[in-house]
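The values are calculated or read from the model by the stated rules, or taken from the named source; none is laboratory data. Just so it is clear, the model here is predicted, and its values are computed rather than measured. Reconstructed Cβ throughout: ideal geometry from the backbone, glycine too, with neighbour counts over all protein chains shown.
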């Protein structure tokens, strides 16, 4: 079969070359439109279920919300792990599925289980919501809003009603989380003295508020020959309308809501906040959809923001569109790869010409590189994989191997053509090309199989590490296999089409000396075979021994030009105001550094955000200036030094990608995490303090954090049934007060 294939390509070299050019054009178009991302999807299929339980203490959240949800979803097909977190006012259940389970099927199974919960959750608890399906790196873009002319209400309204809907309409955006600003809320603040004077209970006030702005469908009326629809009024939330609601009637006089309470627009309770450039502002955090083209989606979002910016500027709102832009890393990686490919192309062409001494032969051998790479890109795209740091790394590793298959065949063809030209009756040129290609095809296939076999084990690694390295191995394997196909089809056809003249050219003097030295070396090694083997074994043993003294990490340090500073108060229950005050001081110091471009602080959490922190924890994103000639390791240490000057906090300074990878590997951002389990929080706290004290004495440890499990300060209320009976109050009346 291989003989017939090579013969066919040589015989129809023109048609094969035309198909090769067509494949090159189609492959180039496909590569330009392939999805681009920072990393492959390395996080296992997982689903987060978030349920708001406003006002509930952590113990109540766990018993009344989290456990029923866990019981409902437990046993779902493909479920691998189930963990949960119950914090004040929020339940988070995280489900991880088996590796090969389709994420969409997994989400469907969970949604069906949640539907069976129905109304079993307590009153006042929100509907369990599945978090949007996002990519492994999650962050797409962080945007900031600042203004000295409008208030916090207007900033938040612009984010919620102008920017967020427009960005959610961009294909590839999974969700937009908003931090900071003030959300408008109509609040009813009862006056206890007035309630007592009118003998009105809190429950009556609450009932009046609930029924003040009704929305009902009125149905229709059937006449003899016509059906007439009835439309009821659609009330709009309004302070005046709500204040005019009738609570009760005393002495034929209606008692209105505004007579008993203050009805006003006020900020809603906040679970989080944000600082932009050290000032109170609004932060919008965008996440990309699973499988979306990160670079294309980012550019589409930026076009949408550019269209909105004039309207925002007219209101006096300043837009910060690049507080964190992971696409910068992709663009730099592609730029570096482009430079490397150009440099590699020049060097490879120079080396090929130096050894082959034939321009056409060198170009034929070089053509195997773009053909093989583009073929591999097409296969990866059909498999649903993106072009990312790991696949590009696989292609970079494969560059030196791709040309081997072609150059071996071409060198052999050239040698035989030159030998044939010296004969008195030369044989047909196409026959020489066919035989020259087939002569070395067996060894080439064996060599390719050995190289591919080295990378095959990486495809069967099921951990997160395997999800990282797997795409690199696939990119390398597909590129090498494609080069073998190119060497069997395109290379013989191009040789038949282009190698028509066979001028005998003397070898360069340096090449003759190199060959002479090689022959001498081989003869010496063959003459002292036993000694040569012993020397080789000794070198292998020495290399293996050196491995024990080499440090190693799973991933190298990424030079992103962006740092994440994680800060948490040592005192659980620290308020938003305290963290904001700390953030302003830290932001001022960081912005004073000459190489810092922007900084933003995210405190606490927002609805359906990935980070479910309390107000005692926050995160700074620091973007460096792109043209700043700064040592990033030194910059990281300087940022770490700023945080270390503040007592009472625990901090860590990491790169964003390093942080995201570590969280996926161990659930923690740190490179090493020690977890202690038990039922007694006091014992856990004491044990953790001892471990932290011991680790603090180890040289080389930085960013040591001790995440305490001490409870949030709580006031417990116990109702007295006898007192309730004596006063005629219901438990609901007391709890509603």
remark   = Among 256, 305, 275, the single one that is modelled with pLDDT of 90 or more, surrounded by 14 or more Cβ atoms within 10 Å (Cβ to Cβ) and within 30 Å of residue 573 (Cβ to Cβ) is 275
query = Of the residues in the range 108-125, how many are out of contact with any helix residue (DSSP H, G or I) (no Cβ under 7 Å at 6 or more places or on another chain) and surrounded by 16 or more Cβ atoms within 10 Å (Cβ to Cβ)?
reply = 1
query = Is it fair to say residue 573 is out of contact with any helix residue (DSSP H, G or I) (no Cβ under 6 Å at 6 or more places or on another chain), over 15 Å from residue 643 (Cβ atoms), at pLDDT below 90 and buried (at least 21 other Cβ atoms within 10 Å of the Cβ)?
reply = no
request  = Mind telling me which of the residues 191, 182, 151 ends up being without any contact (Cβ under 8 Å) to a residue 40 or more places away in the chain and on the phi < 0 side of the Ramachandran plot?
outcome  = 151
Residue count, the range 165-179 (criterion: surrounded by 18 or more Cβ atoms within 10 Å (Cβ to Cβ) and on the phi < 0 side of the Ramachandran plot) = 9
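In this structure, does residue 249 turn out to be farther than 25 Å from residue 52 by Cβ and surrounded by 11 or more Cβ atoms within 10 Å (Cβ to Cβ)? Lay out the reasoning, then the answer.
Working: farther than 25 Å from residue 52 by Cβ: yes; surrounded by 11 or more Cβ atoms within 10 Å (Cβ to Cβ): no.
It is false that residue 249 is farther than 25 Å from residue 52 by Cβ and surrounded by 11 or more Cβ atoms within 10 Å (Cβ to Cβ).
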request  = Filter the range 599-647 down to residues that are in a helix (DSSP H, G or I), more than 25 Å from the chain's Cα centre (by Cα) and either touching a residue at least 40 places away in the same chain (Cβ under 8 Å) or under 30 Å from residue 50 (Cα atoms) (or both), then give me how many there are.
outcome  = 3
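Quick grid of which residues meet (1) touching a residue at least 40 places away in the same chain (Cβ under 8 Å); (2) within 30 Å of residue 393 (Cα to Cα); (3) part of a helix (DSSP H, G or I); (4) outside the structural domain of residue 661 (by TED's automatic domain parsing):
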{"site": "424", "(1), (2), (3), (4)": "no, no, no, yes"}
{"site": "449", "(1), (2), (3), (4)": "no, yes, yes, yes"}
{"site": "457", "(1), (2), (3), (4)": "no, yes, yes, yes"}
{"site": "469", "(1), (2), (3), (4)": "yes, yes, yes, yes"}
{"site": "478", "(1), (2), (3), (4)": "yes, yes, yes, yes"}
{"site": "486", "(1), (2), (3), (4)": "yes, yes, yes, yes"}
task = Report yes if some residue within the range 503-514 is at pLDDT below 85, in a helix (DSSP H, G or I), surrounded by 11 or more Cβ atoms within 10 Å (Cβ to Cβ) and in contact with a helix residue (DSSP H, G or I) (Cβ under 8 Å, 6 or more places away or on another chain); otherwise report no.
result = yes
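Per-residue answers, yes or no, for (1) surrounded by fewer than 19 Cβ atoms within 10 Å (Cβ to Cβ); (2) in contact (Cβ under 8 Å) with a residue 24 or more places away in the chain; (3) assigned by TED's automatic domain parsing to the domain that holds residue 623; (4) in contact with a helix residue (DSSP H, G or I) (Cβ under 6 Å, 6 or more places away or on another chain):
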residue	(1), (2), (3), (4)
318	yes, yes, no, no
335	yes, no, no, no
340	yes, yes, no, no
349	yes, no, no, yes
359	yes, no, no, no
368	no, yes, no, yes
query = Is there a residue being assigned to a helix (DSSP H, G or I) and more than 20 Å from the chain's Cα centre (by Cα) anywhere in the range 126-143?
reply = no
inquiry  = From the list 105, 65, exactly one residue is at pLDDT 80 or above and crowded, with 20+ Cβ neighbours inside 10 Å. Which is it?
reply    = 65
task = Those residues that are crowded, with 22+ Cβ neighbours inside 10 Å and at pLDDT 90 or above, I need them from the range 136-146; list them, please.
result = 141, 142, 143, 144, 145
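Conditions (1) assigned to a loop (DSSP other than H, G, I, E, B); (2) touching a helix residue (DSSP H, G or I) at 6+ places or on another chain (Cβ under 6 Å), marked per residue:
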position	(1), (2)
16	no, yes
25	no, no
28	no, no
47	no, yes
55	yes, no
61	no, no
